[in-house]
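The values are calculated or read from the model by the stated rules, or taken from the named source; none is laboratory data. Keep in mind it's a predicted model, so treat the numbers as computed, not measured. Reconstructed Cβ throughout: ideal geometry from the backbone, glycine too, with neighbour counts over all protein chains shown. For the accessible areas, the whole protein counts, side chains as well, though only heavy atoms, and no ligand, DNA or RNA atoms are used. Shrake-Rupley method; radii C 1.70, N 1.55, O 1.52, S 1.80 Å.
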Amino acid sequence: MRTKVILLFLLINHICFGQKETSQKIDSSNYYKFLEDRGSTDWLRESDAVPIIIDEVIKAGYSYAFINIGELIDNGSEGKFVITVSYDREKKFGFIYESGHGIPIRESDRRAFYRYSNKNINQVTKSLDGKVEYSTITKYPLNTFFLYESCYWYQFNSDGDLFPVSKKVAEFILRQDIRYCLKRVK
C-alpha cells in the first residue's frame, strides 16, 4: 500500500510540474521546435499585445504618462501610418504590431523580426463609407520596432490537453521580444 501511495505521489508530481519544466525551456530562440500537428492554433491579436507592450515599457522604467496608443504619424510624401504603442518623451520609440498570419506556421516569419529596420509595412485605411485604401510605408521614425502577429502563435484544444506552446508561452515570447527592442532604444 505504501509503495502505491508513493508511486501515486510521484505520478501527480510529474503531471503537475511537467508542463512548468517544459515551458521554462521554451523561449524565443526555440519555440518553433515545439509546434505540434494536432489541436488548434491561434495568434496573439493586437488587443492581446497592446497591454503586454505597455506593461513591458513601464517595467523598463518609462513613465505611463507618455505612452500613446494608436498614434497617427504623418510621413510627408509617403502618407500617414499608425504606431500601435509609442513613447514620446526624452527617448522616443514605438512599436508597430503588424496584424495578419498565415498557414502553415513558418520559422522564416520569425526571422523577419530581426530585420525590422528594412521592413515595408502595408497599412489599410478605411473610411466611414466603407472605402479601403492601401498604402506602403518605407520610412519610419528612429526606434520604430515591428512585432509580427504571425510570430506569436499558440496551440490549444477543447479537451483541455496541454500543449507546449500555450497562450501564456506566446505572451512570454512577446515579452522577450519587447525587452530585446527596448535594449536597442537609443
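Being open to solvent by 80 Å² or more (accessible area, probe 1.4 Å) and either at pLDDT 90 or above or closer than 23 Å to residue 100 by Cβ (or both) is the filter here, so list the residues in segment 18-36 that pass it.
So in segment 18-36, the residues open to solvent by 80 Å² or more (accessible area, probe 1.4 Å) come out as 20-21, 24-25, 29, 33.
Within segment 18-36, 33 is the sole residue that qualifies.
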> So which residues in segment 104-129 are more than 23 Å from residue 142 (Cβ to Cβ), modelled with pLDDT under 80 and among the hydrophobic types (A, V, I, L, M, F, W, C), if there are any at all?
Replying inline: 124
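Search segment 58-85 for residues being of a type in the set (A, V, I, L, M, F, W, C) and assigned to a strand (DSSP E or B), and hand back the single one that is farthest from residue 137 (Cα to Cα). Full working, then the answer.
So the first thing to find is which residues in segment 58-85 are of a type in the set (A, V, I, L, M, F, W, C), and the list is 58, 60, 65-67, 69, 72-73, 81-83, 85.
Those left that are additionally assigned to a strand (DSSP E or B): 67, 69, 72-73, 81-83, 85.
Numbers: 67: 23, 69: 19, 72: 13, 73: 11, 81: 7, 82: 10, 83: 12, 85: 17 Å.
Restricting to residues being of a type in the set (A, V, I, L, M, F, W, C) and assigned to a strand (DSSP E or B), the top hit is 67.
Tell me which strands (runs of 3 or more DSSP E) are completely within segment 86-186 and hold 3 or more residues being open to solvent by 40 Å² or more (accessible area, probe 1.4 Å) and under 24 Å from residue 74 (Cα atoms), or say none if there are none.
Details: elements: 92-98, 121-126, 132-137, 144-148, 153-156.
Counting at least 3 such residues, we get 121-126, 132-137.
Every residue in segment 51-75 that is closer than 18 Å to residue 180 by Cβ and of a type outside the set (Asp, Glu), please. Lay out the reasoning, then the answer.
Just the residues of segment 51-75 that are closer than 18 Å to residue 180 by Cβ, to begin with: 52-62.
Answer for segment 51-75, where residues must be closer than 18 Å to residue 180 by Cβ and of a type outside the set (Asp, Glu): 52, 53, 54, 57, 58, 59, 60, 61, 62.
Can you name every residue in segment 45-57 that is more than 19 Å from residue 186 (Cβ to Cβ) and either open to solvent by less than 70 Å² (accessible area, probe 1.4 Å) or not in a helix (DSSP H, G or I) (or both)? Working first, answer last.
The first filter runs over segment 45-57 and keeps only residues more than 19 Å from residue 186 (Cβ to Cβ), leaving 45-52, 54-55.
45, 48, 49, 50, 52, 54, 55 - these are the residues of segment 45-57 that are more than 19 Å from residue 186 (Cβ to Cβ) and either open to solvent by less than 70 Å² (accessible area, probe 1.4 Å) or not in a helix (DSSP H, G or I) (or both).
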> Between a first residue in segment 85-108 that is more than 13 Å from residue 60 (Cβ to Cβ) and a second residue that is in a strand (DSSP E or B) and of a type in the set (Lys, Arg), which pairs have beta carbons less than 9 Å apart while being 6 or more apart in sequence or on different chains?
Replying inline: 86/92
> How many residues are open to solvent by 50 Å² or more (accessible area, probe 1.4 Å) and touching a residue at least 60 places away in the same chain (Cβ under 8 Å) when one looks only at segment 58-82?
Replying inline: 1
